[in-house]
Structures are given as C-alpha cells and as structure tokens.
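The values are calculated or read from the model by the stated rules, or taken from the named source; none is laboratory data. These numbers were taken from a predicted model, which means no experiment stands behind them. Every residue, glycine as well, gets a Cβ built from its backbone with ideal geometry; the counts of neighbours run over all protein chains shown.
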Amino acid sequence: MSKYRRYERYKDSGIEWIGEIPEEWEVVKIKHLTRVKRGASPRPIDDPIYFDDDGEYSWVRISDVTASKMYLNESTEKLSALGASLSVKLNPDQLFISICATVGKPCITKIKCCIHDGFVYFPDFKGDNRFLYYIFEAGEAYKGLGKLGTQLNLNTDIVGGITIGFPHMNEQKAIANFLDQKTAEIDDLIADKEKLVELLQEKRQVVISEAVTKGLNPNVKMKDSGVEWIGEMPEHWEVNRIKYLATVNPNKSEVRYLPSEQKVTFIPMDKIIATGKVDYALTNTMENLINNYTYFRNEDIIMAKVTPCFENGNIAIVKGLLNGIGFGTTELHVLRCNNKCYNRFLFYYLQSDIFKSKGISEMYGVAGLKRIPTDFILNYKLGIPDYQEQEQIANYLDKKTSQIDELTYSIQLQIKKLKEYRQSLISEAVTGKIKVL
C-alpha cells in the first residue's frame, strides 16, 4: 500500500482489529450510530399463501445474498401482501447483513424486498451505506464474535456492539467511491483470470476425451464401434466391458487377516482433489476401518460415485498408502485393473466427457444425493487399444495435463493474491491506514 498517502496524525483506537486511526476520526459502536434490527419471517415459511409471483416485495434468502456482490438486484421469489406484512420491508439502498449460515455477508438492496430473521439491518444509519458495507466486507470487524454452536451466528446485540472508526460524511463518500472503483478494477481482473481457468479446464477435458476415444494418431483409420455412445473408434481397437478389464470394488476378505491394530491410510472424500491429487495424511487402525469403509490398495483407482463429487472429478490412483492399504468413504467405487488394462489409461478414461455424461444419465436416487450404480460400471462398454498403446496414451496425457494443471495453478495463485490484495485494500481504507480524499 506504499503508493497511497497516509494521514498526518494518528491515534490509538483501543480496538485490536482497527489499530491506529486518523486523529480526527471517531471511535464509535454501531449501536450509537443506528438501531440494529432483525428481519422476520411469516410462519410457516413454506405456506403458499405467503408467496405471489406478482407481489410488490421480493423475498430474500441467504442464497440470494451469497450469489450477489455489493448490490441485491433480484431474488428468486416474491411475497404476497400478507407475507410481506409479516416480514420486514426494506426499500432500495438499505444495507443489511446475514447473521447465520454465510455469516456477515453484507448487501445493499436495489429493490423493494423483505428479509427474514437470518438478517439484520440498520434503519437509522445516517452515514454512507457503502462505507458501512465495506467495513463488513473487510470481515475483520466481526471475526470471532459469533456464538459457537452447530454454526456460527451473530445477533443484533453483537452487531450493534461492533466498534468502528468513523470519519465525516464527505470522507465516508470519498472512501466508498475509491473502493467502488478499485474493487471493480480488481474484480474485472479476477473475472478474466477465472475465465481463463475455465477455458483451461475445458481444454483439459477435450485433450483427455480425444486421446482416450480416438488415440494419438489423427490419420488412423476408424470403424463403427457398434456402441451408440462410443460411435467411431480406431479400426484396431476393441470394444470391451470394464468388468473384463478390472475388478470393481474388491472384497475386503483380502485383508481381514491383518492385525486389528495395524495402521493404514484413511481417505475421506474431501481429501480426493480433482486432477488426481490425494492427501494421505490421515491414518487409523484396521479394527476401526474394515467394517464400515471402502477398501483399496496401492495402484487402485478410487472414484466418487455420488453427486456432485462424481461430476467434479473426485478420482485418483492411490499410491504410497501406509502398509499398502487404505480405506475411504463408502461413497467411492474402487477399480483394480488386470493385465489387459493400464490403470492410468482407465484413470483418464473415467474422466472423459463420454464416460461422465453416460454415468450422469445412469445415476439413481433423489436429487442432490444421486449415485453411480456398480452394475453401470461393470457393464460399461468402451473402446480400448492394446496395453502398449494404452501406456502411450496415458504417458501423453500425463505430460499434457501436467502442463495445463501447472498453468491453471499459476493463474489460481494470481487470483488468490488479487483477492487478498482486495481485502487488504478495503481494510486499509476503512480503518484510515491510507488517505484517499
């Protein structure tokens, strides 16, 4: 922040998260600037009588705020006149923040809306709403203030008790205008880089899908596979079912002889990262794992079978397991290749668009918790070359995906640094560490 000026004189605010503030700024609790009031909900909230697509007031859910940036321009539902009368009405340009679930997310409404009791608002605030918005956006003001339960919550007393540095109105406006401009510039840079990451991921999928379904020779003679979802494949490839290429979900009887106290690796779903990386840090004993978790060993392929982890690419070849053995969530399928199938070829094939789209179409279960059935994997047909060509394709994909992944990681680091800079800039501005007027 060295390129920005500082104020001439500072004083100690007495508040840890603020530190020193400009001498002419006030140190004040929010409750001394405005009342802090809570939203309200008509009950029971799912009663259709409270909703009307043509209603005057939009109904704001936490998800609407989470999906918004600074301003709330729309919501997915509207309340009836009765529903609105039992809630809390806000007019455009009023600030409110979430106090549960996504804790402390601020938003300024640009529409007439109603908020439920998961939000608080500031009906009497006479300053610039954007200045207060940026204080909450910086995040430090309410860190550690919530009460620990099933989730972190704030309430009106806690929010009202937050102490802030408070400059004169013209300075509030100047700081808000400065942050509007600077954060918009940073957000544009972030959006450009996120789009680039998205394009790289699309390219990665294309490279994998082309290689595992067409091979590496663009001039190879093709033939009809006779399988609808495969279409054409290289003439010398054969159609086979996965069950003839790999054991699916190997039996735990292979390892029941091991001592109950023997330590092995444990891999929850969140330790399987897209692009095949795995965190192997967790361990446990055979006794604690063998009866309730999915078994695998070194060089097995583990693949998420539940939505959205399947679609997100939670798949890996496990290596370096403690004592060669591992267990994981029951939401995994395990594939152990035989001598007809190179595990890295199958690993890439299972990431291809052709397999993913077919798998998604065969999922069973309720929305949000659908699974890939074992029979689908066992009987899935794919075009496959001989073992040597499988190795060649896998080696090619190792190189190509590694290049894409390294570039993606580099851009993601840039995004992370931009987001950190954005937060730092907001914090420095709203606590007077830099002078923008």
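See the values below:
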| quantity | calculated |
| --- | --- |
| Unmet criterion (only one of (1) assigned to a loop (DSSP other than H, G, I, E, B); (2) touching a residue at least 60 places away in the same chain (Cβ under 8 Å)) for Pro259 | (2) |
| In segment 18-50, the residues that are closer than 23 Å to Ile108 by Cα and either touching a helix residue (DSSP H, G or I) at 6+ places or on another chain (Cβ under 6 Å) or not in a loop (DSSP other than H, G, I, E, B) (or both) | Val28, Lys29, Ile30, Lys31, His32, Val36, Lys37, Arg38, Pro42 |
| Residue within segment 346-363 that is of a type outside the set (Asp, Glu), over 29 Å from Leu282 (Cα atoms), in the same structural domain as Ala304 (by TED's automatic domain parsing) and over 29 Å from the mean Cα position of the chain (by Cα) present | no |
| Which numbered condition Ile15 fails, given (1) over 15 Å from Ile135 (Cβ atoms); (2) out of contact with any Pro (no Cβ under 6 Å at 6 or more places or on another chain); (3) part of a loop (DSSP other than H, G, I, E, B) | (1) |
| Verdict on Val65 being under 22 Å from Ala141 (Cα atoms) and within 20 Å of the chain's Cα centre (by Cα) | yes |
| Residue list for segment 28-54, filter: of a type in the set (Val, Ile, Thr) and either more than 18 Å from Tyr142 (Cβ to Cβ) or in contact with a strand residue (DSSP E or B) (Cβ under 6 Å, 6 or more places away or on another chain) (or both) | Val28, Val36, Ile45, Ile49 |
| Within segment 80-95, considering residues that are within 34 Å of the chain's Cα centre (by Cα) and outside any loop (DSSP other than H, G, I, E, B), the one farthest from Trp59 (Cα to Cα) | Leu95 |
| Filtered residues of segment 338-387 (kept if over 27 Å from His236 (Cβ atoms), outside any loop (DSSP other than H, G, I, E, B) and acidic (Asp, Glu)) | Asp375 |
| All positions within segment 79-124 that are out of contact with any strand residue (DSSP E or B) (no Cβ under 7 Å at 6 or more places or on another chain), modelled with pLDDT of 95 or more and not hydroxyl-bearing (Ser, Thr, Tyr) | Ala81, Leu82, Leu86, Asn91, His116 |
| Single residue of Gln412, Gln390, Gln423 found to be crowded, with 21+ Cβ neighbours inside 10 Å and either touching a helix residue (DSSP H, G or I) at 6+ places or on another chain (Cβ under 9 Å) or in a loop (DSSP other than H, G, I, E, B) (or both) | Gln390 |
| Hits in segment 308-324 - residues which are buried (at least 21 other Cβ atoms within 10 Å of the Cβ) and either among the polar types (S, T, N, Q) or not in a loop (DSSP other than H, G, I, E, B) (or both) | Phe310, Asn314, Ile315, Ala316 |
| Neighbours by Cβ (under 7 Å, 6+ apart or cross-chain): first from segment 317-343, touching a residue at least 40 places away in the same chain (Cβ under 8 Å) and closer than 19 Å to Ile372 by Cβ; second among the hydroxyl-bearing types (Ser, Thr, Tyr) and assigned to a strand (DSSP E or B) | Gly328/Thr294; Thr329/Thr294; Leu332/Thr294; Val334/Thr294; Arg336/Thr247 |
| Any pair with Cβ under 9 angstrom, 6 or more apart, that starts in segment 69-82 at a residue that is touching a residue at least 60 places away in the same chain (Cβ under 8 Å) and ends at one that is of a type in the set (D, E, K, R) | Lys69/Asp187; Met70/Arg130; Met70/Glu137; Met70/Asp180 |
| Residue list for segment 7-28, filter: within 17 Å of His168 (Cα to Cα) and loosely packed, with under 15 Cβ neighbours inside 10 Å | Glu8, Arg9, Lys11, Glu23, Glu24, Glu26, Val28 |
| Residues of segment 116-134 satisfying the condition of being aliphatic (A, V, I, L, M) and within 23 Å of Ser41 (Cα to Cα) | Val120 |
